[in-house]
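Read through the structure below, which is laid out as structure tokens, and then see the notes.
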Amino acid sequence: MATIYFAKMNINEQIYDIYKDSTLLPKLLTTIYANLSPNTSIYDEFGGRIKLFDLDKNEDNTTIVGNMGYIKEGEHSSYDPTKDTAIDVEDPNKLEYLIFYFDVHQEMFAFTTSPKMRQKSVLTNMARLIKKTTGVGVEFMLEPNVDELDSRIREFAVLKKLKVKLVPPNGDKTAFANIYSLDAEKVQNSRATKIEMNYSTQQGDGLDESSDLVKDNIKGVKLGYSEATFQGKDAHGEDLTLETSEDTPYKKKVRSNDNKNRTVVSEKARAGIFDIAKYRTKLRLRANNNGGENTTHK
């Protein structure tokens, strides 16, 4: 089976301009949709060339289906049954590629992976290509599987450390600031586009998992604001680490022979994006119905 992963896109470099003028967000998203093209390449530290190709843009819903390719000199091998030997052929443009589905105005990116391009490298590559082709700076956060996240967090008998990496979201800066106990105006005035927060304790009981601080940070992960790393002990006293981007990503499965099938990948991607949006709506409604009270574990 092959896997489709999902990521939330946040405008990064221009986020504080968006907070000053909310009409700027749809304009920047339209710029990304219109200007993202296959005419630009980037390179990794090994000399591999990364580019987009075969882009299909749907103007009705501003979605893009395309390929991301990794191009580098290499060998193709095949078997010669007559001579019972291997045949190696040099190829200056050996290609490895994956399929992506990009719902630009929903700010959602779904993608498969390849041996040379795993989850984080795909997102880094896409952010670099968007910046180079459109001039818009973005940051992607892998979407979590919320049920799996809750299940894995319950494995902690003692939570000793919590590390959170967050970026200011495209939406309500006040709601974001409230979740992370930040002053929205101070964050905006600082113009910080990436924030890291660390919580730890030397007390034997660890951090209080039922506290608003811990629950709010879990809620932030579920809303796509952040990625988090939890460290502590399980019920047997064994060390336990949970890295949300690596251990509990939201994903859809497709048959291995369909991982290059655009129709199948697109259908699965649309279904996943719908499910994520539906959950987020429910989470926000629960919070509003409880006067803003954190309902992450209710």
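The values are calculated or read from the model by the stated rules, or taken from the named source; none is laboratory data. What you are looking at is a predicted structure, and each value in this text was computed from that prediction instead of being measured. Reconstructed Cβ throughout: ideal geometry from the backbone, glycine too, with neighbour counts over all protein chains shown.
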Does Lys186 qualify as being charged (D, E, K, R) and under 23 Å from the mean Cα position of the chain (by Cα)? no
Result of the Cβ filter at 8 Å on the stretch 200-214, keeping first residues that are closer than 19 Å to Ser181 by Cβ and partners that are of a type in the set (S, T, N, Q) and assigned to a loop (DSSP other than H, G, I, E, B), at least 6 apart or interchain, is Leu207/Thr201; Asp212/Asn294; Leu213/Ser181
If you go through Tyr43, Tyr101, Tyr19, Tyr97, the only one that is free of Cβ contacts under 8 Å to residues at least 24 places away in the same chain and hydroxyl-bearing (Ser, Thr, Tyr) is Tyr43
When Leu52 is run through (1) outside any strand (DSSP E or B); (2) crowded, with 18+ Cβ neighbours inside 10 Å, the failure sits at (1)
Scanning the stretch 62-73 residue by residue, those surrounded by 15 or more Cβ atoms within 10 Å (Cβ to Cβ) and more than 28 Å from Ala271 (Cβ to Cβ) turn out to be Ile71, Lys72
Output for Cβ contacts, cut-off 6 Å, separation at least six or different chains, first residue exposed (fewer than 14 other Cβ atoms within 10 Å of the Cβ) in the stretch 168-196, second modelled with pLDDT of 80 or more, reads Arg191/Tyr16; Lys194/Val167; Glu196/Lys165
| request: Check the stretch 273-285 and report whether any residue there is modelled with pLDDT of 95 or more, crowded, with 17+ Cβ neighbours inside 10 Å, out of contact with any His (no Cβ under 6 Å at 6 or more places or on another chain) and in a loop (DSSP other than H, G, I, E, B). | output: no
*asked:* Given the criteria of a type in the set (Ser, Thr, Tyr), under 30 Å from Asp56 (Cα atoms) and out of contact with any helix residue (DSSP H, G or I) (no Cβ under 9 Å at 6 or more places or on another chain), does Ser256 qualify?
replied: yes
- Query: β-branched (Val, Ile, Thr) and in contact with a Phe, Trp or Tyr (Cβ under 9 Å, 6 or more places away or on another chain), is that true of Ile15?
  - Reply: no
Exactly one of Glu59, Glu45 is among the acidic types (Asp, Glu), surrounded by fewer than 14 Cβ atoms within 10 Å (Cβ to Cβ) and over 29 Å from Pro169 (Cβ atoms), and that residue is Glu45
Worksheet item: modelled with pLDDT under 95, touching a helix residue (DSSP H, G or I) at 6+ places or on another chain (Cβ under 7 Å) and in the same structural domain as Ala157 (by TED's automatic domain parsing) - does that describe any residue in the stretch 208-215?
Response: yes
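Got a sec? Which of Thr113, Thr124, Thr82 is of a type in the set (Val, Ile, Thr), closer than 30 Å to Asp247 by Cβ and assigned to a loop (DSSP other than H, G, I, E, B)?
On the way: Thr124 fails: assigned to a loop (DSSP other than H, G, I, E, B); Thr82 fails: closer than 30 Å to Asp247 by Cβ.
Answer to the selection: Thr113.
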Checked the stretch 167-204 for anything at pLDDT below 85 and acidic (Asp, Glu); matches are Asp172, Asp183, Glu185
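Going by the structure shown, is Ala175 part of a helix (DSSP H, G or I) and within 17 Å of Ile18 (Cα to Cα)?
For Ala175, the condition - part of a helix (DSSP H, G or I) and within 17 Å of Ile18 (Cα to Cα) - is met.
One residue is enough: does the stretch 197-206 have a residue meeting the conditions aromatic (Phe, Trp, Tyr) and either over 20 Å from Ile276 (Cβ atoms) or not in a loop (DSSP other than H, G, I, E, B) (or both)? Step through it out loud before you land on a result.
Of all residues in the stretch 197-206, those aromatic (Phe, Trp, Tyr) come to 199.
From what is left, the residues that are either over 20 Å from Ile276 (Cβ atoms) or not in a loop (DSSP other than H, G, I, E, B) (or both) are 199.
Yes, that holds for at least one residue.
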